[in-house]
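S.K.: Just dropping this structure here.
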Amino acid sequence: MMKSLGIKQAATALTMGEVIAYPTEAVWGLGCDPWQEKAAQQLLTIKERPVNKGLIIVAANLEQIAPLIAPLSFQQQETLKASWPGHTTWLIPDSKNWLPYWIKGDFTSVAVRVSAHPIVSQLCLEFGKPIVSTSANKAGDPPLDEQGLQHTLGSNLGGIVRGALGEQLRPSVIKDLVSGRIVRQ
């Protein structure tokens, strides 16, 4: 049985380099501290996902991702503000290399979402910065429900923040901020 974590305990687990599970807008997510390479590598190993594909990060608000937002044009900033908090993930250029290669993969942009899910938002606020957010499943498999998550991945995780999933039926849409192209519907 996976250990249940409150928000403060989950933030501590993230600080200690653990991978945790938590509900998001549509699916159960796995998260870790994006700046701890060992934690990110553990998450990638759990998912059986290659590092070159990159990972999504989620934040509680625009302030948490200010280093990514600052170099953007006024119009690009307005586009982000109009869609967040919400269910859209944007590929944002990381011209200052704020995030490490193990988050961006083979890309110069990073996938970012300011979440509207109350647990995700509280977790990011308590942690004090964005966290990795990827679906709780092995790469290529469908997302797991809470029971499947515990059975399949539970022994590899530092714990789970219990709560309800949001009302979205699918993972977030991913759009490229520079081109406007939809990368994932």
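The values are calculated or read from the model by the stated rules, or taken from the named source; none is laboratory data. All figures in this text were calculated on a predicted structure; none of them were measured in a lab. Here the Cβ is made from the backbone with ideal geometry for all residues, glycine too, and neighbour counts use every protein chain on show. Surface accessibility is based on the protein's heavy atoms, side chains included, excluding ligands, DNA and RNA. Shrake-Rupley method; radii C 1.70, N 1.55, O 1.52, S 1.80 Å.
S.K.: Within region 174-184, count every residue that is outside any strand (DSSP E or B) and without any contact (Cβ under 8 Å) to a residue 40 or more places away in the chain.
M.R.: 3
S.K.: Another question, then. Restricting the first residue to region 10-32 and requiring it to be free of Cβ contacts under 8 Å to residues at least 40 places away in the same chain, which pairs with a second residue that is small (Gly, Ala, Ser) meet a Cβ separation below 7 Å and a spacing of at least six or different chains?
M.R.: From region 10-32, the pairs are Gly17/Ala39.
S.K.: Restricted to region 6-43, and to residues that are among the charged types (D, E, K, R) and open to solvent by 20 Å² or more (accessible area, probe 1.4 Å), which residue is farthest from the chain's Cα centre (by Cα)?
M.R.: Taking the candidates together, the pick is Lys8.
S.K.: When the residues of region 139-173 are filtered to those that are in a helix (DSSP H, G or I) and hydroxyl-bearing (Ser, Thr, Tyr), which remaining residue is farthest from Lys3 (Cα to Cα)?
M.R.: So, considering only residues that are in a helix (DSSP H, G or I) and hydroxyl-bearing (Ser, Thr, Tyr), the one farthest from Lys3 (Cα to Cα) is Thr152.
S.K.: If you don't mind, there's one more thing I want to ask. Name the residue, out of Ala82, Ala40, Ala60, that is over 18 Å from Ser109 (Cα atoms), among the aliphatic types (A, V, I, L, M) and touching a residue at least 40 places away in the same chain (Cβ under 8 Å).
M.R.: Testing whether each residue is over 18 Å from Ser109 (Cα atoms), among the aliphatic types (A, V, I, L, M) and touching a residue at least 40 places away in the same chain (Cβ under 8 Å) leaves just Ala60.
S.K.: Return yes when Glu126 is at pLDDT 95 or above, of a type in the set (Asp, Glu), on the phi < 0 side of the Ramachandran plot and buried (at least 16 other Cβ atoms within 10 Å of the Cβ) and no when it is not.
M.R.: yes
S.K.: Here's something else I'd like to know. Would you confirm whether any residue within region 88-105 is surrounded by 15 or more Cβ atoms within 10 Å (Cβ to Cβ) and basic (Lys, Arg)?
M.R.: Yes - at least one qualifying residue is present in region 88-105.
S.K.: Next question. Looking at Ala111, Ala139, which is the one that is open to solvent by less than 60 Å² (accessible area, probe 1.4 Å) and out of contact with any Asp or Glu (no Cβ under 8 Å at 6 or more places or on another chain)?
M.R.: Checking each option against the conditions leaves just Ala111.
S.K.: Just checking, how many residues over region 138-162 are at positive phi and modelled with pLDDT of 90 or more?
M.R.: 1
S.K.: Here is a follow-up. Where in region 1-93 are there helices (runs of 4 or more DSSP H), lying wholly inside it, with at least 2 residues that are β-branched (Val, Ile, Thr)?
M.R.: Here the list reads 7-15, 37-47.
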